[in-house]
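A short worksheet on the structure shown next.
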Amino acid sequence: MPEEPVDPAELGERDAPPVAEKPYKVVFEANGCIGAGKCAEVSDNWTLDLATGIASPEAYFFDEEHLEHNVRAAEVCPAKKGRGVIHVIDRETGEELAPDPGGDGTVSVDW
């Protein structure tokens, strides 16, 4: 029997901090990272490992104070032909805040 697809908005929620403390999260498609480092240029949350060529976030869950620069990291990611592999999710609504290529809040992870 085939497994049900994973809802990207649910990733990491089992061990997550309370939504009231950290209402946003990053879903990162690391296998699609092309090592451009744009995310690390615009966000303190992102680091590009020069040895592996893969970026990584310092934190997957964050509050309002860290929302703007994580949204910017998602928006500037050139991977997947400019659609990006960094997704910022509102944990309360399950909507994608960035990059949101469809403009409708649907999570644009495609694995």
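The values are calculated or read from the model by the stated rules, or taken from the named source; none is laboratory data. Only a predicted model underlies this, so the values are computations on that prediction, with no experimental measurement involved. Note that each Cβ is placed from the backbone with ideal geometry, even for glycine, and that neighbours are counted across all protein chains shown. Note: areas computed on protein heavy atoms with side chains; ligands, DNA, RNA excluded. Shrake-Rupley method; radii C 1.70, N 1.55, O 1.52, S 1.80 Å.
Odds and ends about this structure:
- Straight-line cross-link reach from Lys38 at under 12 Å between alpha-carbon atoms covers these aspartates and glutamates, not counting any fewer than eight positions away in the same chain: Glu75.
- Nearest-10 value in Å² for the accessible area of Thr106, using the 1.4 Å probe: 80
- Counting only residues at least eight positions apart within a chain, or on another chain, the aspartates and glutamates with an alpha carbon under 16 Å from that of Lys81 are Glu29, Asp100, Asp110.
- Here the calculated FRET efficiency for Glu92 and Glu3, from their Cβ-Cβ distance with R0 = 30 Å, stands at 0.65, rounded to the nearest 0.05.
- What the chain shows is 61 Å² of accessible area per residue, with the surface traced by a 1.4 Å probe over protein heavy atoms.
- Value of relative contact order over the chain, rounded to a whole percent, pairs C-alpha under 8 Å and six or more apart: 27
- For the chain, the 222 nm mean residue ellipticity estimated from helices alone, with every DSSP H stretch of n ≥ 4 adding -39500 (n - 2.57) and the total spread over all residues, rounds to -3500 deg cm²/dmol.
- Gain in span if fully extended, Ala51 to Glu10, counting 0.36 nm per residue against the direct Cα distance: 11.7 nm
- Protein accessible area in segment 3-111, 1.4 Å probe - carbon and sulfur %: 48
- Lys/Arg +1, Asp/Glu -1 at C-beta; segment 44-111 dipole; positive extreme among Pro99, Cys77, Ile89: Cys77
- Charge dipole (Cα centre; +1 on Lys/Arg Cβ, -1 on Asp/Glu Cβ; no other charges) of the chain amounts to roughly 520 debye.
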